[in-house]
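A.B. asks: Got a structure for you, questions after.
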Amino acid sequence: MSTVPIAGAGFPRRRGIKAASEQRLQRLLGEFLRRLGADLWSVPRYLIRYTLLVLALFGLLSLWDAHGDGRIPVLLPLRTMDPCRVSAPRCAASETGDEARWQGLATALAILDQVCPEVASWVRQRRQAGALVFSDEYCRGRDKQASLARYDHVGRRLIVQRALFEECDGEIAAVLCHEYRHSRQNAAKLVKCALSFVLTADGDRSILENDALLYEHQARLAIFGR
């Protein structure tokens, strides 16, 4: 004898499963909202905490920066050489060897031997340490993308662009003074400059450049006498 299924017998079971699913979803939603509320309630506390940490960091950097850059060498007037001479324009040509370019700096270094021996000695030390790099790229000016020379604070390297050799010997000497001044800067200035690029898109390069530009200006006055 065959058994005939009763119509609608499975409906209560399906309704029970659906009701259980809805209850579970409500519990999950409620738990999520409670956690979200707790997290939102903690936001002001985290903001205050991290703001205090950032302010404390800037305070420590300011104290570190206040220590200064140490004694900076005095610049003396040039006595005997002609700073307006262009001694090594051939070194601006591409693929000129490093040794030829090093020799091309000789007159500028001789000027620095009179104006500021400490800077001349620093350039020679960079050469001996293998930290004087002659770049074959052609860059001019002092904008955001290019400069005649550059000091790499991380690798402690002096990078010389080939366009520098198109300048007169006195100008080369003044640019080397600029890079020397960068090498003497307190590490706190580097951190503050790096943080400025986090706060604004263009950053504040003057944190590093002001000291170097002032020293370069003083070097130019000592070399050219005006």
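The values are calculated or read from the model by the stated rules, or taken from the named source; none is laboratory data. This is a predicted model, so every value here is computed, not measured. Note that each Cβ is placed from the backbone with ideal geometry, even for glycine, and that neighbours are counted across all protein chains shown.
A.B. asks: Test Leu158 against the criterion of being crowded, with 21+ Cβ neighbours inside 10 Å and within 17 Å of Arg220 (Cβ to Cβ), and give yes or no.
C.D. replies: no
A.B. asks: Quick check, is Ile159 within 30 Å of Thr107 (Cα to Cα), assigned to a strand (DSSP E or B) and either in contact with a Cys (Cβ under 7 Å, 6 or more places away or on another chain) or of a type in the set (A, V, I, L, M) (or both)?
C.D. replies: So Ile159 passes the test.
A.B. asks: Further question: Just to be sure I understand the filter: pairs with C-beta atoms under 9 Å, separated by 6 or more residues or on different chains, first member in the stretch 152-173 and touching a residue at least 40 places away in the same chain (Cβ under 8 Å), second member surrounded by 19 or more Cβ atoms within 10 Å (Cβ to Cβ) and of a type in the set (Phe, Trp, Tyr). Which pairs pass?
C.D. replies: Short answer, once both residue conditions are applied: Val160/Phe134; Arg162/Phe134; Ile172/Phe165.
A.B. asks: Another question about this same structure. Of the residues that sit in the stretch 126-148 and are among the aliphatic types (A, V, I, L, M) and modelled with pLDDT of 95 or more, which one is surrounded by the most Cβ atoms within 10 Å (Cβ to Cβ)?
C.D. replies: Taking the candidates together, the pick is Leu132.
A.B. asks: Among the listed residues Val198, Val175, Val191, which satisfies the condition of being among the β-branched types (Val, Ile, Thr), under 23 Å from Val74 (Cα atoms) and assigned to a helix (DSSP H, G or I)?
C.D. replies: After ruling out the rest, the residue left standing is Val175.
A.B. asks: Then there is this: Mind listing just one residue for me: the one in the stretch 63-73 that is in a loop (DSSP other than H, G, I, E, B) and touching a helix residue (DSSP H, G or I) at 6+ places or on another chain (Cβ under 9 Å) and, of those, modelled with the lowest pLDDT?
C.D. replies: Selected residue: His67.
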